[in-house]
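Input: a single structure, listed below in structure tokens.
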Amino acid sequence: MKKVFIILILLSAAVLSAQSPAAEGTAPVTAQPQVTVQSPAAEASSEAVLPDKTPLPLSFFFTAGVNAMQNTAAKTVSAPSPILFSLGFGLQFPAGGWVSFEPRVSFFMQYYLWNSIVANGSALPAEIENRTAWVPSLLLDVPAVFSINVHRHTFFAGAGIAFLIRYGFLAGNVGSDEYGDSAFPNSTQLTAADAVKKINHWFWNDLRFLYPELLFGWNMLLPNGWKAGIEIRGYVPLGNLAAGTVAETGFFDTGIITCAARLTLP
């Protein structure tokens, strides 16, 4: 029995001595700090919930169309009521609710002559053969606009004030010493250079630069976020009232009606 017990002890010692090198070669397991790797998509989603700088609530729009200007003196040698191509661009500032402010500037140009027959004279639209002044013009609109959205469609109407900024230059191939109103044989003859000065003075006298404005139109939302539509504007002249010439020229002389395509950026 003793021998058996001694043999068991020796076998146990042999087993322990065989396992001890492996145990000594094994490094103790140390708890490592947990590192979390966040994917770019997760980072983007976490950043999305953070407060962001809110962009200015405005959008740009462009217009292209025609301006029709009333000329009640069209039966003279002045031009018939001219129809002029116009380009414009503006900004849309939401003011809360369905109201926005939409300042816009449009550009067009035409020829003028000076009419010395009427009292104090007047500037009239001219055809190319009777031109004296070439007049580039800017029409600055400052309307308040009321809009209603119906699905992808927006209907809008507004009112405001507009400023017609005009300045004439001596037309091409017209000599400064030529007669500026030679189309009127019974009128006082002026040189073309003097006629241009009178035309520019007439533009800025008696509120001829000031026009109350009405507008309405429609936009449709496109798949790319842009809006396309059409607008119509009417400009009522104040110059005839201020100058006291309504009896001679009519109230709407030099009034303007515009029709234009409209494109609004997202």
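All of the numbers you see were taken from the coordinates with simple rules; none came from a lab. What you see is a predicted model, and the numbers here were worked out from it, not measured in a lab. Virtual Cβ from ideal backbone geometry, glycine too; neighbours counted across all protein chains shown.
Estimated at 0.36 nm per residue, the fully extended path between C259 and A95 surpasses their Cα-Cα distance by 56.5 nm. When you filter the trypsin sites (Lys or Arg not before Pro) in region 151-254 for DSSP loop state and at most 12 other Cβ atoms inside 10 Å of their Cβ, you are left with R152. Backbone geometry of region 215-223 corresponds, through the Karplus equation with coefficients 6.51, -1.76 and 1.60 at θ = phi - 60°, to 3J(HN,Hα) couplings of 8, 7, x, 8, 10, 10, 6, 8, x Hz, x marking Gly and Pro. The alpha carbon centroids of region 190-251 and region 144-180 are separated by 6 Å.
Restricting the calculation to alpha carbons of region 89-228 gives Rg and Dmax of 20.5, 62 angstrom.
Taking only C-alpha pairs under 8 Å that are 6+ residues apart, what is the relative contact order of region 59-264 in percent? Please report the intermediate quantities before stating the final value.
Details: 536 pairs, mean separation 43.6, N = 206.
Answer for region 59-264 is 21 percent.
A simple packing score, the average count of other Cβ atoms within 10 Å per residue, orders the peptides 59-66, 251-258 as 251-258, 59-66, with the highest score first.
Which of the chymotrypsin sites (Phe, Trp or Tyr not before Pro) found in region 86-176 are in a DSSP loop and have at most 15 neighbouring Cβ atoms, other than their own, within 10 Å? Present the calculation step by step, with values, prior to reporting the outcome.
On the way: sites: F89, W98, F101, F107, F108, Y111, Y112, W114, W134, F146, F155, F156, F163, Y167, F169; in loops: W98, Y167.
Taking region 86-176 and a limit of 15 other Cβ atoms within 10 Å, the loop chymotrypsin sites (Phe, Trp or Tyr not before Pro) found are W98, Y167.
Mean sequence separation of contacting Cα pairs (under 8 Å, at least six apart), scaled by the length of region 81-122, corresponds to a relative contact order of 33 percent.
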